[in-house]
């Protein structure tokens, strides 16, 4: 009993697993049992003071543009650094590259946001960087028990932000052919970026892996648009270091995407186990539903 209390006190008085640097019990520890919850970032896009309209900014309809069009990395620079370390960045599946070919390039950039709106989305970049860095560390190094905590809604919105930048910059393709880059939910896209409560019922992140699936933990991030008959983007197929997801942007239609049947909607935890320790990456969601844990076998990269 005494040892368990000491471990608990050490955890609660140590740094919060969300990476904020705050003391855990004053940050994301809920006090309800041994539970943790990371609230989604409040972006406040709709509350920004009125200003200008910069034509090339995809948020110009908000009427709050400030500054010139900025050069932003399509995949956040901090995430690119996690994936590549001191290595090279490679890309494939873009319209300007022959189908099936991979090319080493500098991380691609887009000019699709004014400086204010680009900066307003930066908390999503930070959440994605922490998610990728934690997962890569857990998969590659056994350093004893570790726990990281991320808002699942922040991760979903980062994926949507990334897809929007790729679409606006004409870097999305299917079968080597460019697609228009319009979203079926374009009229709602800014609302969905701004507030998780504006996502359609059933839209969000699905884990499409099954119990016992084998995954190789290569430092890789891939996404592929899934479109309807009008070529509008309805979903994204996503590969994060060997883990397979679909980000659905519409209310589910299993007749169109039958592979979502049985998929885990908004998984609550990714567990990476070693013979003598376990590591958890918890995803927090703003509801009272039960969110399944991802339990897959994985192949350590040599």
On Cα atoms only, tilt of 122-140 relative to the major axis of the chain in degrees: 50
Estimated inter-spin distance, residue 287 and residue 187, nm [label 7 Å along Cα→Cβ]: 2.4
Multiply the residue gap between residue 142 and residue 237 by 0.36 nm, knock off their C-alpha separation, and tell me the result in nm, one decimal place. 31.3 nm
Defining a contact as two alpha carbons under 8 Å apart and six or more residues distant in sequence, what relative contact order in percent does the chain show? 17
Kindly express, to the nearest 10 degrees and within the range 0 to 90, the angle between helix 2-12's C-alpha long axis and the longest C-alpha principal axis of the chain. 20
Taking 0.36 nm per residue of separation between residue 273 and residue 256 and subtracting their Cα-Cα distance, the length gained on full extension comes to 2.6 nm
Computed lengthening from residue 55 to residue 42, 0.36 nm per intervening residue step minus Cα-Cα distance: 2.1 nm
Restricting to Cα pairs under 8 Å and 6 or more apart, the percent relative contact order of the range 1-85 works out to 13
Sorted by Cβ density within 10 Å, fewest first, the residues 132, 265, 223: 265, 223, 132
Considering only DSSP beta bridges where both residues belong to the chain, give the percentage that are antiparallel (nearest 5). 75
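Readers should treat all values here as calculations from the given coordinates under stated rules, not as data from a laboratory. Bear in mind the structure is a predicted one, so any value in this text is a computation, not a measurement. FYI the Cβ positions are ideal-geometry reconstructions off the backbone, even for glycines, and counts take in every protein chain you see.
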